[in-house]
1. Please determine, by comparing only the residues of segment 38-84 that are of a type in the set (Gly, Ala, Ser) and loosely packed, with under 15 Cβ neighbours inside 10 Å, which one is nearest to GLY207 (Cα to Cα).
2. Take the residues in segment 70-118 that are more than 27 Å from SER60 (Cβ to Cβ) and part of a loop (DSSP other than H, G, I, E, B), then tell me which one is modelled with the lowest pLDDT.
3. Of everything in segment 29-62 that's touching a helix residue (DSSP H, G or I) at 6+ places or on another chain (Cβ under 8 Å) and more than 23 Å from ASP191 (Cβ to Cβ), which residue is modelled with the highest pLDDT?
4. Tally the residues that are on the phi > 0 side of the Ramachandran plot and not in a strand (DSSP E or B), restricting the search to segment 228-259.
5. Go through segment 165-206 and give me each residue that's crowded, with 22+ Cβ neighbours inside 10 Å, touching a helix residue (DSSP H, G or I) at 6+ places or on another chain (Cβ under 8 Å) and not in a strand (DSSP E or B).
6. I'm trying to understand the selection: among the residues of segment 144-164, which are surrounded by fewer than 23 Cβ atoms within 10 Å (Cβ to Cβ) and closer than 27 Å to TYR232 by Cβ?
7. I want to confirm something. Restricting to segment 224-259 and keeping residues that are small (Gly, Ala, Ser) and touching a helix residue (DSSP H, G or I) at 6+ places or on another chain (Cβ under 7 Å), which single residue is modelled with the highest pLDDT?
Amino acid sequence: MLRRGLIFLAAAIFASACSSSARQASTSPTATGSSPASAAELAPVQGAYAPKIDPANFVSAIDNPYFPLIPGTGFHYEGVAENGTTPQRDDMVVTSKTKTILGVPCTVVRDTVSSQGRPIEHTFDWYAQDKAGNVWYMGEDTRELRHGAFVKADDSWEGGVAGAEPGIIMPGQPQAGQAYRQEYYPRFALDQAKVLGQGGRVTVPNGSYPHTLLTVETAPTIDPGVAERKWYVAGVGDVKEHTVSGNHEEIELVSITHS
């Protein structure tokens, strides 16, 4: 799915992580165990796709400055659904649970989408970070509300199962022009992203941020014509998502909670 689907306290917590992660990304081996490679090389959008995942090259904490996931942190977003008018809320909570996928312990993130105060989608997303700082998307278990009951969505997938493979949700060193695959599950989940560069100042209910990283996500073979832009802040994470073609969905960061 294109939609997945942070306060100044979080920024302070991750200030040191930003510089250390940048140094680490330039010197550490990648998920393949070879010399450092870019996200475009590790998760290419063209050609045969068979990423090599070595559990020894992953770390326990996810501290990528643009995609930090500390257990107990909740990211709360509000906006509108695809029709551009129906209010929508997205609550993403980083749990303390892990799920082992392809031998890699992954952080479990609980994501709940609500419309007009009623949950309409529940998802467990699984992420892991390699030593180069790349955050890998290892799979998702999504349940959608249909006729009053939650049922498993067709685009649920797990790396290494039924032909599905992990992708990269955020590079360790994002550079303008980088294109990388985010997930790979033929016929159901084939999202890919491209770093567009600096996104400028972004103001959302949670705060105003002068410097952002801008990406665009697409799934050409599944959702042709749909493109979603996302703005990230170093030390914070995802602060805004806006579909620029194909529909009118948009969400903005409202608050962050810690438990």
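The values are calculated or read from the model by the stated rules, or taken from the named source; none is laboratory data. The structure displayed is predicted, hence computed values, not measured ones. Every residue, glycine as well, gets a Cβ built from its backbone with ideal geometry; the counts of neighbours run over all protein chains shown.
1. Narrowing segment 38-84 to residues of a type in the set (Gly, Ala, Ser): 38-40, 43, 47-48, 50, 56, 60-61, 72, 74, 79, 81, 84.
When the remaining residues are screened for being loosely packed, with under 15 Cβ neighbours inside 10 Å, the result is 47-48, 50, 56, 60-61, 72, 84.
Working: GLY47: 41, ALA48: 42, ALA50: 40, ALA56: 38, SER60: 30, ALA61: 26, GLY72: 21, GLY84: 23 Å.
Ranking the candidates gives GLY72 first.
2. Looking at the filtered set, the residue picked out is GLN116.
3. Among residues in segment 29-62 that are touching a helix residue (DSSP H, G or I) at 6+ places or on another chain (Cβ under 8 Å) and more than 23 Å from ASP191 (Cβ to Cβ), the one modelled with the highest pLDDT is PRO36.
4. At the first step, the residues of segment 228-259 found to be on the phi > 0 side of the Ramachandran plot are 235, 237, 246.
Going one step further and asking which of them are not in a strand (DSSP E or B), we end up with 235, 246.
Total satisfying the criteria: 2.
5. PRO171, GLY172, PRO174 - these are the residues of segment 165-206 that are crowded, with 22+ Cβ neighbours inside 10 Å, touching a helix residue (DSSP H, G or I) at 6+ places or on another chain (Cβ under 8 Å) and not in a strand (DSSP E or B).
6. The initial filter retains those residues of segment 144-164 that are surrounded by fewer than 23 Cβ atoms within 10 Å (Cβ to Cβ), namely 144-156, 158, 160-164.
If the condition is that a residue be surrounded by fewer than 23 Cβ atoms within 10 Å (Cβ to Cβ) and closer than 27 Å to TYR232 by Cβ, then GLU144, ALA153, ASP155, SER156, GLU158, ALA164 are the ones that fit.
7. Residues of segment 224-259 small (Gly, Ala, Ser): 225, 227, 234-235, 237, 245-246, 255, 259.
If we keep only those that are touching a helix residue (DSSP H, G or I) at 6+ places or on another chain (Cβ under 7 Å) too, we end up with 234-235.
Numbers: ALA234: 98, GLY235: 95.
Among those that are small (Gly, Ala, Ser) and touching a helix residue (DSSP H, G or I) at 6+ places or on another chain (Cβ under 7 Å), it is ALA234.
Table: residues versus (1) β-branched (Val, Ile, Thr); (2) within 14 Å of the chain's Cα centre (by Cα); (3) farther than 11 Å from ALA40 by Cα.
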residue: GLY163; (1), (2), (3): no, no, yes
residue: GLU183; (1), (2), (3): no, yes, yes
residue: GLN192; (1), (2), (3): no, yes, no
residue: GLN198; (1), (2), (3): no, no, yes
residue: PRO205; (1), (2), (3): no, no, yes
residue: HIS211; (1), (2), (3): no, no, yes
